[in-house]
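Student: Dumping the structure here so I can ask a few things about it.
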Amino acid sequence: MSNWSNHTQQSLLDKAYQMVMRGWSVIPLRGMGDPTKPKAPALPSWKVYQSHKPRFEELQEWFIEKGYGALGVVLGRVSGIVVIDIDKPEIEIAFQTALPHLANTFTVRSGNRKLPHYYYALSPDLDAPARTGHGIEFRSDGQYVVAPTMVIGESEWRIENPKIPHTL
């Protein structure tokens, strides 16, 4: 591996480790190693990470040894977070207008559509199954999102509001 590649892989490992230390479960994504499906999980199965967080040795294997190119955050109970994923600009405006208190939470601007992912802490006593609407998704157990600050090709998932996620 070149120095640039070593630095990139170490940076991914550091991000993954920080997220796990924050309490989030993570998985490796294909990244630009598979430009046709860069946001797809790099693992044949990631179901186990829907119920427990990866160990440091697994993170090291994924990002240093195997060189996976991106990172995803597993949502739901395992990480204690859920995401409202906006898929249409008009829904973003309607959401912010109707529910400004819910829009003022940890927010990541997605790399592809440039629309928000609103993060919320999931109260342990709350059952919050995933739901899909017209131009909006409530993402939870059994789902993942591309991690904040991830860069895949020309797309960047950048933190837009660093506020601590609201608790549902």
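Here is a yes/no grid of residues against (1) more than 24 Å from S25 (Cβ to Cβ); (2) not polar (S, T, N, Q):
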| site | (1), (2) |
| --- | --- |
| V74 | no, yes |
| I93 | yes, yes |
| A121 | no, yes |
| T132 | no, no |
| G142 | no, yes |
| M150 | no, yes |
| R158 | no, yes |
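Student: Select from segment 140-168 the residues that are in contact with a His (Cβ under 8 Å, 6 or more places away or on another chain) and closer than 15 Å to V74 by Cα and list them in ascending order.
Tutor: Correct list: V145 only.
Student: Of (1) in a helix (DSSP H, G or I); (2) at pLDDT below 95; (3) open to solvent by 90 Å² or more (accessible area, probe 1.4 Å); (4) touching a helix residue (DSSP H, G or I) at 6+ places or on another chain (Cβ under 8 Å), W4 satisfies all except one. Which?
Tutor: (4)
Student: Give segment 71-98 a look and list any residue that's open to solvent by less than 30 Å² (accessible area, probe 1.4 Å), touching a residue at least 40 places away in the same chain (Cβ under 8 Å) and of a type in the set (D, E, K, R), or say none.
Tutor: Correct list: D85 only.
Student: Inspect segment 141-154 for any residue being closer than 23 Å to A16 by Cα, touching a Pro at 6+ places or on another chain (Cβ under 6 Å) and open to solvent by 40 Å² or more (accessible area, probe 1.4 Å) and give the result as yes or no.
Tutor: Checking segment 141-154: not a single residue is closer than 23 Å to A16 by Cα, touching a Pro at 6+ places or on another chain (Cβ under 6 Å) and open to solvent by 40 Å² or more (accessible area, probe 1.4 Å).
Student: Select from segment 17-50 the residues that are in contact (Cβ under 8 Å) with a residue 60 or more places away in the chain and either of a type in the set (D, E) or closer than 26 Å to R77 by Cβ (or both) and list them in ascending order.
Tutor: Listed by number, the residues that qualify are M19, V26, I27, L29, K39, P41, W46, Q50.
Student: Quick one: how many residues across segment 51-70 are touching a strand residue (DSSP E or B) at 6+ places or on another chain (Cβ under 6 Å) and either of a type in the set (A, V, I, L, M, F, W, C) or touching a residue at least 40 places away in the same chain (Cβ under 8 Å) (or both)?
Tutor: Matching residues across segment 51-70 total 3.
Student: Quickly run through segment 99-114 and pick out the residues that are within 23 Å of S155 (Cβ to Cβ) and free of Cβ contacts under 8 Å to residues at least 12 places away in the same chain.
Tutor: Within segment 99-114, just K114 meets the criteria.
Student: Quick one: how many residues across segment 108-135 are open to solvent by 50 Å² or more (accessible area, probe 1.4 Å) and at negative phi?
Tutor: The qualifying residues number 10.
Student: Still on this structure: Please tell me if K66 is open to solvent by 60 Å² or more (accessible area, probe 1.4 Å) and in contact with a Gly (Cβ under 7 Å, 6 or more places away or on another chain).
Tutor: Taking the combined requirement at face value, the residue does not satisfy it.
The values are calculated or read from the model by the stated rules, or taken from the named source; none is laboratory data. Here the structure is a predicted model, which is why all the values come from computation and not from measurement. Heads up, the Cβs are rebuilt from the backbone with ideal geometry, glycines too, and the neighbour counts pull from every protein chain shown. Just so you know, the surface numbers come from the protein's heavy atoms only, side chains and all, with ligands and any DNA or RNA stripped out. Shrake-Rupley method; radii C 1.70, N 1.55, O 1.52, S 1.80 Å.
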